[in-house]
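Peer 1: Encoded as structure tokens, here's the structure I'll be asking about.
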Amino acid sequence: MDSEGNAATTGKGALAIVGGGFAGVAAALAARTAAPGAVISVYERESAPLAWLERLGGEPAALGWADDDPRSFLAAMRESVDAFAGLFMRLPGSAAKAWWEERGIAVRVDGHALFSARPARELAADLREQLRTARVTVLAGHTAEEAVFAADGSARLWFSGNPVAEARRILLAVGGGPNRALSIARDHGHTDELFAPGCFGFRVADPRLKGLTGTELPAARVETSAGHPPKPLGSSTGALRITGRGLEGPAVLAASAAGSAALAAREYRFTVFINWIADLAGTEVTRALRERALAFGKRSVHTDTLFGLPPKLWVRLAKAARIGKDLTWTSCPPRKLNALVGQLTHARFTVAGHFLDTRERTWRGGLNMAGFDPATLESRRRPGLYAAGEVLHFLGDPGPAHAHATLATALTAAHAAARGL
């Protein structure tokens with residue numbers, strides 16, 4: 001689909017934004033504010049922009065970080081941390097919130113997180129309409145492959161099966177994952193790290209999880225490790241979901257982001273330990289089980305579910321501890337109760353692969369940020385070429401941190417690229 005926008009989509013005064021995702025659309029709107037009379041065009045390889053928001057459907061979208069303390073934000077960044085210290089100072093949480101509200105986008109704050117107040121699909125429709133009213137031309141089905149800059153600084157963009165476009169400046173915002181547009185930066189001397197999922201679900205085939213698809217835990221502790229002796233690779237606490245493929249949910253995604261490089265290097269073969277009741281340690285659980293045995297000794301361990309766990313999961317963990325369904329609290333041998341404590345607080349699972357979460361996707365890898373001016377995100381090697389979003393090599397914890405990093409790069413690059421147009 002092509003939006004109604006500028007009458008011309010080319011021209012030596014134009015800004016060409018390659019990519020119509022979160023970063024590309026934010027950059028286009030910011031550039032329009034900075035350069036009201038400029039010709040601004042967004043070239044999107046898919047059939048429509050903002051596929052990321054469409055994928056979230058009725059859920060709220062993470063839009064950025066909500067507070068102004070750089071320490072909390074930088075603690076949630078996993079890669080390229082130093083590069084984002086200055087970017088966050090230019091766009092702290094309050095500035096991100098204000099930017100969205102200036103565009104009529106209702107937001108809500110949840111701790112450090114800034115979310116859309118309306119479903120993501122409605123936000124996508126709203127932003128597309130804003131592109132139209134801002135007279136930003138959106139050209140779908142355009143896969144950029146090459147850019148050549150002339151001596152006067154103007155550039156020509158080549159696309160697969162589409163006409164050539166001219167522009168004064170080019171902003172790469174193609175998102176994460178392999179993309180032909182990366183060759184534009186490589187042709188001008190930029191290097192990049194191999195793209196890999198920045199967060200992902202864990203493929204686990206285990207009898208303890210069979211038949212529990214759809215089970216959700218509000219607070220679980222997830223720890224990944226590998227090697228002999230085991231080396232911790234990443235951990236997180238939060239909600240966890242059991243699916244037909246294994247484990248996913250916020251806690252799994254954050255733990256995978258924390259150890260994404262090491263886990264990818266191991267081809268996603270590693271060990272994960274789960275504390276299903278993250279607010280309790282092993283000693284506290286042991287004490288709770290002993291108190292239960294004293295108070296309700298004749299109850300069956302299998303049917304006397306504790307700690308708010310789903311009954312089916314509780315039974316699976318009891319079976320894994322070799323506790324038969326006929327055993328009561330008082331008749332259960334201490335060694336089996338200790339084994340149950342282990343299943344509750346340190347259940348070991350073998351991970352044999354990964355999958356992309358259906359609700360949250362981030363990428364690691366991309367163009368090395370050392371090749372771009374940190375104040376403008378203009379190429380140090382090719383003046384007039386800018387980059388923003390996941391095409392750059394950074395990684396934040398899934399959700400608000402990663403979204404804020406994407407927004408910060410988009411607004412920084414857009415303001416610089418639009419200057420003087």
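The values are calculated or read from the model by the stated rules, or taken from the named source; none is laboratory data. Not measured: the values here are computed from a predicted model. All Cβ positions, even for glycine, are placed from backbone atoms using ideal geometry, and neighbour counts span all protein chains on display.
Peer 1: Considering the stretch 371-393 alone, what residues qualify as being under 23 Å from the mean Cα position of the chain (by Cα), farther than 22 Å from LEU56 by Cα and not small (Gly, Ala, Ser)?
Peer 2: PHE372, PRO374, LEU377, TYR386, LEU392, HIS393
Peer 1: If you scan the stretch 115-129, which residues turn out to be of a type outside the set (Ser, Thr, Tyr), within 17 Å of the chain's Cα centre (by Cα) and not in a helix (DSSP H, G or I)?
Peer 2: Residue satisfying the conditions is PHE115 alone.
Peer 1: Name the strands (runs of 3 or more DSSP E) wholly inside the stretch 11-91 in which the number of residues that are of a type in the set (A, V, I, L, M) is 3 or more.
Peer 2: 15-18
Peer 1: Out of the residues in the stretch 263-285 that are in a loop (DSSP other than H, G, I, E, B) and touching a strand residue (DSSP E or B) at 6+ places or on another chain (Cβ under 7 Å), which is surrounded by the fewest Cβ atoms within 10 Å (Cβ to Cβ)?
Peer 2: ASP279
Peer 1: Among the residues of the stretch 150-162, is there at least one that is among the aliphatic types (A, V, I, L, M), in a loop (DSSP other than H, G, I, E, B) and assigned by TED's automatic domain parsing to the domain that holds GLY58?
Peer 2: Within the stretch 150-162, one or more residues are among the aliphatic types (A, V, I, L, M), in a loop (DSSP other than H, G, I, E, B) and assigned by TED's automatic domain parsing to the domain that holds GLY58.
Peer 1: Here's something else I'd like to know. So which of ALA318, ALA414, ALA347, ALA401 is in contact (Cβ under 8 Å) with a residue 40 or more places away in the chain, farther than 22 Å from ALA28 by Cβ, crowded, with 24+ Cβ neighbours inside 10 Å and of a type in the set (A, V, I, L, M, F, W, C)?
Peer 2: Answer to the check: ALA401.
Peer 1: Of all residues being of a type in the set (A, V, I, L, M, F, W, C) and farther than 20 Å from PHE115 by Cβ in the stretch 396-421, which is modelled with the lowest pLDDT? Just the residue, please.
Peer 2: Here the answer is LEU421.
Peer 1: Just name the residue that is modelled with the highest pLDDT out of those in the stretch 163-191 that are among the polar types (S, T, N, Q) and part of a loop (DSSP other than H, G, I, E, B).
Peer 2: Going through the qualifying residues, I end up with THR191.
Peer 1: Now for a different question. What strands (runs of 3 or more DSSP E), lying completely within the stretch 322-396, carry at least 3 residues that are within 17 Å of SER300 (Cα to Cα)?
Peer 2: So the answer is none; nothing clears 3.
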